[in-house]
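Each remark here refers to the structure printed beneath this line.
The values are calculated or read from the model by the stated rules, or taken from the named source; none is laboratory data. From a predicted model like this one, the values you see are computed outputs, not experimental measurements. Backbone-built Cβ (ideal geometry, glycine too); neighbour counts: all protein chains shown.
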Amino acid sequence: MVQPVVVFAPPNVGGPAIARAASGLALLPSNASRLVRLHRLAALGMALANDSLRPLSSSAVRALLNRDDIGGSGILHLEDPYSEILIQSISFYGGDYLVSPGSGEHTASDVENLADAAFRKDWMPKDLRGPVRQLIQGLLVVSNLVLTRAGLSRGTCPGRDPRSPMDVPSAARLS
């Protein structure tokens with residue numbers, strides 16, 4: 001019999017608010033080398049119910065990041081320096097789009113190569129080409145919009161040592 005996973009949740013904190021905070025923190029170049037902690041924070045948010053729609057305070061986010069299961073000493077040693085440019089661009093139908101590789105290596109170039117392979121020759125059935133182009137372009141438009149609204153631009157580099165404290169801005173900036 002499979003045992004249920006027990007998630008110890010802070011009181012009066014909704015899961016979506018935690019996931020939003022993790023997403024916002026991931027957009028800060030100074031947090032690029034802290035992906036293990038950010039993934040664990042987002043996973044906690046995904047595991048909790050929607051008990052509160054209000055954003056988390058900076059102090060609540062810091063408290064969550066200091067939990068042993070999210071940012072304890074056993075977790076910090078798992079983080080490595082970010083190895084790529086944080087914000088890159090991909091050329092596709094309609095222009096250039098800002099993208100961030102996230103936790104993958106060479107993600108932006110892999111996506112660009114796959115898109116190029118999909119449309120370079122006429123191997124794909126015509127009735128599939130349109131939906132595939134729309135899907136890829138839609139994802140790129142959303143990526144570009146999010147990164148632009150976050151004030152990021154092509155060539156932005158990651159910052160700081162992965163084992164240093166997480167950069168947590170004010171609740172207003174985070175949301």
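General observations
- Selected residue (only one of VAL146, VAL141, VAL132 is surrounded by 12 or more Cβ atoms within 10 Å (Cβ to Cβ), closer than 22 Å to LEU38 by Cβ and of a type in the set (Val, Ile, Thr)): VAL146
- Scanning region 148-167 turns up one or more residues that are closer than 30 Å to LEU64 by Cα, assigned to a helix (DSSP H, G or I) and not basic (Lys, Arg).
- The residues listed here are LEU78, LEU64; of these, the one that is under 20 Å from the mean Cα position of the chain (by Cα), in a loop (DSSP other than H, G, I, E, B) and surrounded by 11 or more Cβ atoms within 10 Å (Cβ to Cβ) is LEU78.
- Those residues of region 149-175 which are in contact (Cβ under 8 Å) with a residue 12 or more places away in the chain, on the phi > 0 side of the Ramachandran plot and surrounded by fewer than 14 Cβ atoms within 10 Å (Cβ to Cβ), in sequence order: GLY155
- Positions within region 117-141 being without any contact (Cβ under 8 Å) to a residue 40 or more places away in the chain and within 20 Å of ILE85 (Cβ to Cβ), in sequence order: LEU139
- SER103 being exposed (fewer than 15 other Cβ atoms within 10 Å of the Cβ) and within 15 Å of the chain's Cα centre (by Cα): yes
- Enumeration of residues in region 88-135 that are in contact with a strand residue (DSSP E or B) (Cβ under 9 Å, 6 or more places away or on another chain), of a type in the set (Lys, Arg) and either in a loop (DSSP other than H, G, I, E, B) or at pLDDT below 85 (or both): none
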